[in-house]
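> Before we start, here is the structure in question, set down as structure tokens.
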Number of protein chains: 2
Amino acid sequence: MDNCEHPLTRRQEIESAAAVTELQRQVKALKRKKYEALCDRLREISRLKEVSRVLQWDQSICLPRGGGEARGKQLAAVAGIVHEKETSQEVGDLISELMEVSLEGLNDFERAVVRDAHIEWDRGNRLTKELAMARIERANQAAQKWLEAKEKNDFMIFAPSLQEMVEISKEVAATVAPGTDPYTVMVDEYERGMTAQRLGEIFRDIKEFLLALLSNNGEKGISQQRRQRREIGVSNFSGNYDVEQQEQLCRKLIDFLGFWPENGRLDVAHAATTYTLSSSDVRLVTKIASNNFSEALLATMHECGHAFYDLGLNKDYQGLPVSKPLSTGMHESQALIWEYLVGKSHEFCTWFWPMAKEFFPELQTKTADDFYRYLNTVHPSPIRVNADEVTYPLHIILRYEIERDLFAGTIHADEVPKVWNEKMQDYLGVLPKDDNEGCLQDVHWSYGCFGYFPAYALGAMYSVQLFEAAQRDVLDLKGYFRDGQFKALLDWLGKNIHSWGSLFASADLLLEEATGNPLNLQVYKAYLARKYEESLA
Amino acid sequence: MDNCEHPLTRRQEIESAAAVTELQRQVKALKRKKYEALCDRLREISRLKEVSRVLQWDQSICLPRGGGEARGKQLAAVAGIVHEKETSQEVGDLISELMEVSLEGLNDFERAVVRDAHIEWDRGNRLTKELAMARIERANQAAQKWLEAKEKNDFMIFAPSLQEMVEISKEVAATVAPGTDPYTVMVDEYERGMTAQRLGEIFRDIKEFLLALLSNNGEKGISQQRRQRREIGVSNFSGNYDVEQQEQLCRKLIDFLGFWPENGRLDVAHAATTYTLSSSDVRLVTKIASNNFSEALLATMHECGHAFYDLGLNKDYQGLPVSKPLSTGMHESQALIWEYLVGKSHEFCTWFWPMAKEFFPELQTKTADDFYRYLNTVHPSPIRVNADEVTYPLHIILRYEIERDLFAGTIHADEVPKVWNEKMQDYLGVLPKDDNEGCLQDVHWSYGCFGYFPAYALGAMYSVQLFEAAQRDVLDLKGYFRDGQFKALLDWLGKNIHSWGSLFASADLLLEEATGNPLNLQVYKAYLARKYEESLA
């Protein structure tokens, strides 16, 4: 025998290759089976989360007063089961088994399913039940204290709870992502891939730009005469608008925008919001004020933008983590595109005006131009939700800076009113008349939602960049609005944003896919400058 | 030493007694702990069942068309978890441990909790998952076939499915209660404590009585003239009644009856029903026909009666099996008390009539007496849901006899149309013009709901006996109705029926508690005879 051990004959070679192929086939089949088993569990969890949203929608729209206590228990029962299933060993094992092998053979969406399932399982399992419960309990207490503080118009009643919420949030952050900057952990929960550092850079840039813009144009020292002229223009639109008629107008409007009544509904409540009860049942809730019809109009368009996103997610991966909106900021961008970039455009106002006059004959003497100017007035105000597009980011930056400093421990909750008012004066030249008009105006902190506010400003930035890209891709996009046609925009958003779900690991990556660039602050700053100039004209 | 071994000294006696007391205390504490642990699990199951009802109510009232498929999956997800929890080993172990010791120390309601939890756990665990799934699957197919049969007006399309549903129901019965008569098992599911034999005796008695009553009075051969006179009376009330006004009238009415808007709501859909979303959130759904305002009126009163029962259950045992309605028949009795015994009473009509005329000025020329006579006309019809109080039991008896014979195997589903029409002719003297007007009129069998129909007739019997007892206990009960006051009746029902929940093991026992006697057919027969005489007058 020669010393060449086990030489492969041709036949053996063929057999060996076949064996490898067979093994590969088996591995692939096993992987597919594990993947499908994981998806089954993830879909069940999604269904149960949808069920929670049905309970919540009903609570805000239909629930009789006496049903509140039982509803709380029903929500808790479902939440308990969701938590149990989300953190189950079974799901954890399926994820580990899939991650042990390479994910070759799964497509990009399927890999993203495993990736996101892993992130969620990990987060859920790191957080101990005790800590999760303690956070919920303190948030409940904080919410009570905030209400009491609002009632008595005294932030100091809420301050200790706020400080507690900061401390427990830092504890949560240290538990779920040890070694990571805690504020980054907070931000990342809403804005995937965003860091505290990057946010700091973005907001420094925008703040510097806006302070210069407003000061160059002398906003803070704007002439009394010009301000008065503007305010007369604004007050011109206040009146007494029939609430029933406003609701009808909103319904007619969303029909034009492209909202499908077979996949949702519109109801009216005290606060505007959107409930996604399933991928084919998304319910808008708008608010209506009798003295001002544009509030309901813009709120409805805003919520409709949110709804379009959720309805446009990839149906092939329904109920799986990849078929979710990418981030809170991206979601907000979709709402703002419809509220601001469509709703406040001259073309939209031109089309909308005859319809508005039909519903409200008292508007006969006003023109579409009047309405356009009214919607686009820049006027610093102490209240965030009343702010115009140009001054809005400063409201957010103020809150961001306070959150950041609370987390860094460089300020204490007791100092918030003082810091708030100083910044308000510095950035916007206005001083809240009391805590309710100042640092008590938003509910977010009482829920422990730190890192959420930035998403509002990021959403505005994304929305402008996306809209410009859509204008580049669709010939005369705004021209369609003049004829009440919005399909071209909706289709563009569906293709470039909605259908991707959360495939990409950050908003930057999705923006790059949709517009060719990651977040580009130049685009946003140029837009704000134009808006501001126009408002002064 | 004397031979009296281990004589107890006084001190030892005391110590021994103390030890026994201490042991008793420990056993009691342990038992209490087990009982509370069981209750926690049962309450969670109840919450989840409530959640299912929220989903169902939303489905019938609010769900946009496109949301149907996802809703089905949400309902299935919740049902799966309910089944899992209901049949869990954990619950089973708690029940066994409690049943091993004596239930001394628990009060009657608490013992009933253990008793009913045991029954339900046992039933759930005997039924294999395969059989349960097969039954659901066949019922789905049967429901489809029934719809197709209705559409084509041809029972034979549905017949094979009906036969299959009978067979699988017998299999289910043999599995959950081996050795028991299968039809008894079916009936007992709706009517606790009732047997096929007892039902047979009751229905034989009522049938004999009614056939004699109708034949003595010559109903079948009633003079053409008299029938025409009656029909003119009936047609007098047909018209075109504004649907919106009808809804308002129904709302006003339930307010008078004592329905609390903080604990429920009234909506309108194609079928009337009641959804109990929690012990403090019970939602009525009524149906409104534009050509006939009394249909909505009576349907609303009927559903309101159901709602009163569920709202009146003992709140101390909320979410536990003892705080459930006793049976389907008892539930129906509560609805019929308000629909028939109140709604069709002369006193109610007298009070109601001015209000009816306010809502519908076209009724000016009619009197309360006209309306009373219209509501109380006896007139055999082939359609169950249109039947009057006197002929209604015969519709039920006909269905009962067919079910019974299908279960006994003495008739086959193919023979149903023939048997149906023969019995219809024999009992009521009318012949359905086709299958849709005959054996295809009810949906129940397509769901596999055998043993359900009898509850309708039992409910009527219970309602009359209960109402007579209430009249005996409350001085001039019906006199209150003349002033639009219904609190005395509602209070009586709350105390004597609602608050007992399902403490008693049968309707007979509850009737005995409330009226002094188990079901007494003489009371019911006398009532029917009076009603019939009056209608002929």
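The values are calculated or read from the model by the stated rules, or taken from the named source; none is laboratory data. No experiment lies behind these values; they were computed from the predicted model shown. Every residue, glycine as well, gets a Cβ built from its backbone with ideal geometry; the counts of neighbours run over all protein chains shown. Keep in mind that these areas ignore ligands, DNA and RNA; they rest on the heavy atoms of the full protein, side chains included. Shrake-Rupley method; radii C 1.70, N 1.55, O 1.52, S 1.80 Å.
> Given a 1.4 Å probe and heavy atoms of the protein chains only, how would you sort B:Ser535, A:Ser102, B:Ser463, largest accessible area at the top? It would help to have the intermediate numbers written out before the result.
On the way: B:Ser535 25, A:Ser102 65, B:Ser463 5 Å².
Solvent-accessible surface, decreasing: A:Ser102, B:Ser535, B:Ser463.
> Here's something else I'd like to know. Let's see if you can work this out: charge +1 on each Lys and Arg Cβ, -1 on each Asp and Glu Cβ, no other charges. What is the dipole magnitude of the protein assembly as shown about its Cα centre, in debye to the nearest 20?
1380 debye
> OK, next. Helix A:108-126: angle to the longest alpha-carbon principal axis of chain A, degrees 0 to 90, nearest 10?
80 degrees
> Hey, another quick one. Which percent of the accessible area of the stretch B:307-457 is formed by carbon and sulfur heavy atoms (probe 1.4 angstrom)? Walk me through the numbers on the way to the answer.
Working: 2410 of 4800 Å².
The C+S portion of the solvent-accessible surface of the stretch B:307-457 is 50 percent.
> Can you tell me the accessible area per residue over the stretch A:19-126, all protein chains present, probe 1.4 angstrom, in square angstrom?
51 Å²
> What is the magnitude of the charge dipole of chain A about its Cα centre, with +1 placed on the Cβ of each Lys and Arg, -1 on the Cβ of each Asp and Glu, and no other charges, expressed in debye to the nearest 20?
720 debye
> Next question, about the same structure. With the label 7 angstrom out along Cα to Cβ, how close does A:Glu22 come to the same site in each of the other copies, in nm, nearest first?
Label-point separations across copies, in nm and ascending: 7.2.
> Which positions within the stretch A:42-58 get 20 Å² or more of their accessible surface covered by the other protein chains, compared to the chain by itself, with a 1.4 angstrom probe?
A:Glu44, A:Arg47, A:Leu48, A:Val51, A:Val54, A:Leu55, A:Asp58
> Testing the spin-label approximation: label points 7 Å from Cα along Cα→Cβ at B:Ala529 and A:Ala76. State their distance in nm.
According to this spin-label approximation, the distance is 5.8 nm.
> Report the local net charge at A:Leu94: Lys and Arg +1, Asp and Glu -1, summed over other residues whose C-beta lies under 15 Å from its C-beta.
Taking every other residue near A:Leu94 into account, the sum is -3.
> Please return the longest range in chain A lying between exposed loop sites, taking trypsin sites (Lys or Arg not before Pro), DSSP loop only, at most 16 other beta-carbon atoms within 10 Å, and leaving the sites out.
Of all site-free stretches, the longest is A:1-219.
> Angle check, please: helix B:346-359 long axis (alpha carbons) against the longest principal axis of chain B (alpha carbons), in degrees 0 to 90, nearest 10.
70 degrees
> So if I take the centroid of the Cα atoms in the stretch B:11-78 and the same for the stretch A:287-330, what is the distance between those two points in Å?
The distance from the Cα centre of the stretch B:11-78 to that of the stretch A:287-330 comes to 37 Å.
> Let me confirm one metric for peptide A:70-80, namely the mean number of other chain beta-carbon atoms within 10 Å of its residues' beta-carbons.
5
> Hey, if you put +1 on the Cβ of every Lys and Arg and -1 on every Asp and Glu Cβ in the stretch A:19-126, which of A:Ile81, A:Val101, A:Cys39 ends up farthest toward the positive end of that dipole?
Most positive-ward Cα: A:Ile81.
> Here's something else I'd like to know. Pairs to check: A:Lys252/A:Lys287; A:Lys344/A:Lys433; A:Lys73/B:Lys315; A:Lys150/A:Lys207; A:Lys73/B:Lys129. Give those whose C-alpha atoms are more than 26 Å from each other in this structure.
A:Lys344/A:Lys433; A:Lys150/A:Lys207; A:Lys73/B:Lys129
> What is the distance in Å between the Cα centres of the stretch A:493-511 and the stretch B:356-385?
The stretch A:493-511 and the stretch B:356-385 have Cα centres spaced 63 Å from each other.
> A:Ser52: accessible area at probe 1.4 Å, nearest 10 Å²?
Counting only protein heavy atoms, A:Ser52 exposes about 20 Å² to solvent.
> May I ask you to give the solvent-accessible area per residue for the stretch A:437-537, in square angstrom, as obtained with a 1.4 angstrom probe? Please report the intermediate quantities before stating the final value.
On the way: 3750 Å² over 101 residues.
Accessible area per residue: 37 Å².
> Compute the long axis of helix A:196-216 from its Cα atoms, compare it with the longest principal axis of the Cα atoms of chain A, and write down the angle in degrees, 0 to 90, nearest 10.
Tilt relative to chain A: about 20 degrees.
> How big a patch of accessible area, both sides summed and in Å² to the nearest 100, lies buried between B and A at a 1.4 Å probe?
Result for this pair: about 2600 Å² buried.
> Using alpha carbon coordinates only, what is the Rg to Rh ratio of chain A, with Rh defined as the Kirkwood radius?
When Rh is taken as the Kirkwood radius, the ratio is 1.02.
> Which residues does the label zone of A:Ala132 cover in the stretch A:154-181, counting backbone N under 15 Å from a point 7 Å along Cα→Cβ?
A:172-173, A:175-177
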